[in-house]
1. Which value, in debye to the nearest 20, gives the size of the charge dipole of the stretch 111-163 about its Cα centre, when Lys and Arg are +1 and Asp and Glu are -1 at the Cβ?
2. For the stretch 1-129, take every pair of Cα atoms, bin their distances at 5 Å starting from 0, and report each bin as a whole percent.
3. In the structure displayed, which of Lys209/Lys250; Lys342/Lys471; Lys118/Lys381; Lys43/Lys411; Lys4/Lys342 lie more than 26 Å apart, Cα to Cα?
4. Please work out the Kirkwood hydrodynamic radius for the chain, using every pair of different C-alpha atoms, and report it in angstroms with one decimal place.
5. Taking every pair of alpha-carbon atoms in the stretch 111-163, what share in percent sits in each 5 Å bin, from 0 to the bin with the longest distance?
6. Explain nothing, just the number: relative contact order of the chain, from Cα pairs under 8 Å at least 6 residues apart, as a whole percent.
7. Can you give the convex hull volume of the alpha carbon atoms of the stretch 454-533 per residue, in Å³?
8. Treating cross-link reach as a plain straight distance, find the aspartates and glutamates whose alpha-carbon is under 14 Å from the alpha-carbon of Lys388, omitting any fewer than eight places away in the same chain.
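All of the numbers you see were taken from the coordinates with simple rules; none came from a lab. Owing to the predicted nature of the structure, the values given are computational and were not obtained by experimental measurement. Neighbour counts run over all protein chains shown; Cβ positions are idealised from the backbone, glycine included.
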Amino acid sequence: MKAKRTWWRDGVIYQIYPRSFQDTNADGIGDLQGIIQRLDYLKDLGIDGIWLSPINPSPDVDFGYDVSDYLNIDAKFGSMQDFDLLLNEAHRRNIHIIMDLVLNHSSDQHPWFQESLKSKDNPYHDWYLWRDPAPDGDYPNNWLSFFGGSGWEYNSSLNQYYYHTFCPEQPDLNFRNPEVRQAILDVFRFWLERGVDGFRLDVFNAYFKDRELRDNPRRRGLHLRPYDRFEHVNDISQPEMFPFLQEIRKLVDKYPNRYVVGETFLASPVQARMYIAPDLLHAGFDYAYARSPWGPTGFGNAVAYWDALHGEKDWPNYFLNNHDTPRSASRYVTGEDDARLKLLASMHLTLRGTPYLYYGEEIGMRDTRYSRAEIQDPVGKRKWLSVKGRDGCRSPMQWDASANAGFSPAKPWLRVNPEYPTRNVEAQLQDPESLLNFYRALIRLRRENPALHAGSLELLPLENESVLVYKRSAPTQEALIALNFSNHPQQVNLPGEDNTRAWQLLFGGSESDPPLLDADSLSLPAYGTAILSR
């Protein structure tokens, strides 16, 4: 019996950083109407879902990851009516909408926190992690902020500290308070009723902290960053997260065909995997694949481990790019040649699991370099000498060669990458050999072939140290993928356990320099791709 297609499992999800996608009201910031305007582009690309980075009202201390109202849309992006229109127009094109929910912490401007500031007796005071100073007047414990410095911020009016995992303007909520948990479930319910198809949970495993707020133990070895000098066993990944995830999943499952994916904070692949189950998350993110060194060994090991952790019942997902990570085009490529990016696309879109794309990945956008004066990211502002921040991967989408790359008629919130006159959507749509058309062809191929979107995965032994080879198998089809990670032609032997059915070339990457297939071997050009089928 043919399995029913599931949009999030068998499809492709595309992350949009709304500030940088398309501006329609000339304020230099992308908006919901801009996303609506580009839905046909996304439909033609072949994606099944859009993950929207936060669009709730925010003072933008951390650009949307500090929420001041969980039940509304930030005016800079539009109105609730604009959001409803986006939902309707996306659904009309069979595109699903995933909202980013930032629930570990709110903005310090959120009414809940403003109430908690009024007095220790205020009903909302216990909605956050307020604690008295230690007996010697020092911080309540040794927990640090991920963005630097102590995680505790002193309030002289109350003579208490509150805890923040990130910026002081992002106070952590107290999930041990049942009223907080109920309020958070109401946030899910509100957006589910609105018609949202799924949620991405930001740093969800940090929701609960140790009940007694015990110190984190020191880590062995030398660590330059103070945060890394501690084992984070008491400020994240507490066991109470599991029953709360079950509550979330039970609620979400009351609405058909919905999806919840989580960003596990500071977790190993094994820890991330623990939160994925039929009664927990549908999927979770793991960084090992995105951080792999170039080559078949690094990527092959990351894929083999993550795939094996999921077994046959659960479904992995993969990303190469997101709003926190330097773009793969900057990490793996020097110069403007997109050959390596086509190889990465061939791998990314043929693995067993849900591939996530990040806006501009399909045209090979590189990180934009910004001066210290141009930096917007709070991490970059605070640590410019050691960390340049995350602005580089958040530059405006490059639509065409017109002013500001067609992103906005006004000065963009971040300067557009200077390469936009030659690297843009319009130019690549007109070039049959472009990276964009390569992505379009691969996504179409993935959709049309059950082995590629639903099949099992078997990584074959690394006979050639430059070539990654794996097999995807579905009841009606087998596919063999061979990826040459070197800049020289390579030859690989085809698996010989079953030669009764001949392999046929399904996709060869380049028409000008295609792979050559004979009865028992395959010749691949430099950075060449071959997808075979039988």
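1. Dipole size: approximately 100 debye.
2. All Cα pairs considered, the percentages come to 2, 10, 17, 19, 15, 12, 9, 7, 5, 3, 1, 0, 0.
3. Table pairs above 26 Å Cα-Cα are Lys118/Lys381; Lys43/Lys411; Lys4/Lys342.
4. Numbers: mean 1/r = 0.0408 Å⁻¹.
For the chain, the Kirkwood estimate is 24.5 Å.
5. 5, 21, 29, 22, 17, 6, 0
6. 12
7. Taking the convex hull of the Cα positions in the stretch 454-533, it is 89 Å³ per residue.
8. Lys388 reaches Asp324, Asp367, Glu374, Asp377.
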